[in-house]
1. For the range 86-132, enumerate the residues that are assigned to a helix (DSSP H, G or I), among the aliphatic types (A, V, I, L, M) and under 15 Å from the mean Cα position of the chain (by Cα).
2. Condition test on T76, is it part of a strand (DSSP E or B), among the β-branched types (V, I, T), surrounded by fewer than 16 Cβ atoms within 10 Å (Cβ to Cβ) and more than 15 Å from the chain's Cα centre (by Cα)?
3. What about G41, is it under 16 Å from S99 (Cβ atoms) and not in a helix (DSSP H, G or I)?
4. Kindly list the number of the only condition in (1) touching a residue at least 12 places away in the same chain (Cβ under 8 Å); (2) within 25 Å of L103 (Cβ to Cβ); (3) not in a loop (DSSP other than H, G, I, E, B) that fails for R65.
Amino acid sequence: MSRSHTRVAEAVRDEACPVTEVLDRVAGKWNIGILIAAAQGPVRFTELERAVKSISRRMLTLTLRRLERDGLLIRTIHPTVPPEVEYDLTPMARELHASLIGLVGWAERHRSAVAEARAVYDAAAEQRPDTG
């Protein structure tokens with residue numbers, strides 16, 4: 001392989017890794033639900049906790065921090081006793097919101113088809129000999 005071809009391949013790999021990292025962050029287990037709930041914002045921690053089913057307080061806190069660090073959420077602390085904290089989407093996350101709504105809609109429309117495909121696959125797999 002030529003040196004220039006190697007450099008191009010390395011550059012493509014280096015560019016792909018950050019893109020994959022961003023996609024992994026956005027598509028994380030709780031992130032989509034949090035971002036969709038925060039789009040109604042600003043929303044308080046307890047509202048997000050109710051909106052994102054079965055997330056623990058600790059995981060919600062960690063995920064909110066990561067999303068804030070990534071520039072997708074704005075955290076506002078109001079000087080009250082106790083302090084009131086609200087979360088809202090950044091402009092970048094508002095742009096992402098339309099795509100997330102589309103993805104969630106697709107998942108809702110095709111949920112039963114995916115379940116059916118899994119059942120068919122699993123039934124066929126039970127009939128096949130185990131070949132590794």
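All of the numbers you see were taken from the coordinates with simple rules; none came from a lab. Given the structure is predicted, the values throughout are model-derived calculations rather than measurements. With ideal geometry, Cβ positions are generated from the backbone for all residues, glycine too; neighbour counts draw on all protein chains shown.
1. Here is the first cut: in the range 86-132, the ones assigned to a helix (DSSP H, G or I) are 91-127.
Then drop every residue that is not among the aliphatic types (A, V, I, L, M), which leaves 92-93, 96, 98, 100-101, 103-104, 107, 113-115, 117, 119-120, 123-125.
Correct list: M92, A93, L96, A98, L100, I101, L103, V104, A107.
2. yes
3. When the stated conditions are applied, G41 does not pass them.
4. Result: R65 passes all but (1).
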